[in-house]
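As structure tokens, the structure follows; a few thoughts come after it.
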Ligand code: AMP
Ligand code: MG
């Protein structure tokens, strides 16, 4: 069973031995290993049961270390890193040869970011290698935003979980690449596209697909609860069934006529930041509740709402 604690020295000692440690970040918990060590990286894929065509994100603690990982930093990437690191932004850039092909699933670009969490930054500073880390959940399931989520699912497979409390942002990073020199959003996430556009002007978004895994993690079905999950534009106040078989994931209002224990409201204030923060924890709660199916509604499709809706759609895409 994994030990859970706040000891970065202990975390460091496991990582230096090539073992894996779950790390807190502001987006979701990561399953981390030495990014320069093939064996460690291989075990990340094994522990997660992750297909090898789905590449990992490399974590560093400062912009200065970027040149160890990537061969080239376009001007727009530098501007974004200056504006948003540490933070929920991942950049896709041409990789240095030291990064094993396994990390990038054979692609010649590597995904890299500086996470904004004091414990993990401290850990990264103390290491002389970067950390490769995907989300610390079994492949395809809901991402973990608390140490206990990791414990529940991967606790018997790793030695240590660094406990940094609840992930503040609550959804994965926004991924931006520069194919042909133009910025392209590969995955919507914890940094709103509007914020990115304030710094570098208009950016395109590449919608995910199942047929073309050239930019993996863009798999259509992902982040999914185990129970049947139905997504609607709005859960109609007139239609809910208080049959005790249905759990509800709602944006800002409880439904009348359904006991509150069967409902999770993402943000009573209608605040999208708060909604993102609650999303995965509430989905998990509904998935473990004594109900047979989950019904969810979309949130306003702006700012972080776009990333939340993206996760909801993929959770529903079975
Ligand atoms: P996760 O940490 O579970 O959010 O997964 C990392 C995600 O980063 C992957 O699923 C991909 O979507 C993305 N990613 C990482 N490296 C690359 C890359 N070289 N090209 C495109 N997408 C990438
Ligand atoms: Mg993931």
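Throughout, read-outs are computed from the coordinates displayed, never taken from laboratory work. Just so you know, these numbers come straight off a predicted model, no measurement behind them. All Cβ positions, glycine included, derive from the backbone under ideal geometry; neighbour counts span all protein chains shown.
At q = 0.12, 0.14, 0.16 Å⁻¹, what log₁₀ I(q)/I(0) does a Debye calculation on the Cα points of the chain give, no solvent, two decimals?
-0.78, -1.05, -1.34
Out of all DSSP beta bridges in the chain, what portion is antiparallel? Express it as a percent rounded to 5.
40 percent
Using 0.36 nm per residue, how much length does the chain from residue 197 to residue 125 gain when fully extended, once their Cα-Cα distance is taken away?
Net length gain for the segment: 22.9 nm.
Taking the mean number of other Cβ atoms within 10 Å as a proxy for protection, how do you rank 19-28, 162-171, 301-310 from highest to lowest?
Averaged packing, sorted descending, gives the order 19-28, 162-171, 301-310.
What's the Cα-based Rg to Rh of segment 110-150, Rh via Kirkwood?
With Rg and the Kirkwood Rh in hand, the quotient comes to 0.99.
Please quote Rg/Rh for segment 76-119 to two decimal places, taking the Kirkwood radius as Rh and restricting both calculations to Cα atoms.
1.03
Could you give me the percent of Cα pairs per 10 Å distance bin for segment 4-61, shortest bin first, beginning at zero and ending with the bin that holds the maximum distance?
Result returned by the calculation: 21, 58, 20, 1.
Could you give me the percent of Cα pairs per 10 Å distance bin for segment 231-318, shortest bin first, beginning at zero and ending with the bin that holds the maximum distance?
Reading the bins upward from 0: 18, 55, 25, 1.
How many percent of the alpha carbon pairs in segment 141-198 exceed a separation of 16 Å?
58 percent
Using the number of other C-beta atoms within 10 angstrom as an exposure proxy, rank 120, 8, 145 with the fewest first.
If I rank by nearby Cβ atoms, fewest first, I get 8, 120, 145.
How much length is gained on full extension from residue 274 to residue 39, taking 0.36 nm per residue of separation minus their Cα-Cα distance?
Between residue 274 and residue 39, full extension yields an extra 80.8 nm.
Taking the Cβ of each residue in 195, 64 as the centre, tally the other Cβ atoms inside 10 Å and list the residues starting with the fewest.
Neighbour counts put them in this order, fewest first: 64, 195.
Write down, largest first, the equivalent ellipsoid semi-axes of segment 1-154 in whole Å, where each equals the square root of 5 times an eigenvalue of the alpha-carbon gyration tensor.
In descending order, the three semi-axes are 23, 17, 15 Å.
Run the numbers for residue 204 and residue 83: contour at 0.36 nm per residue of separation, minus the present Cα-Cα distance, in nm.
41.7 nm
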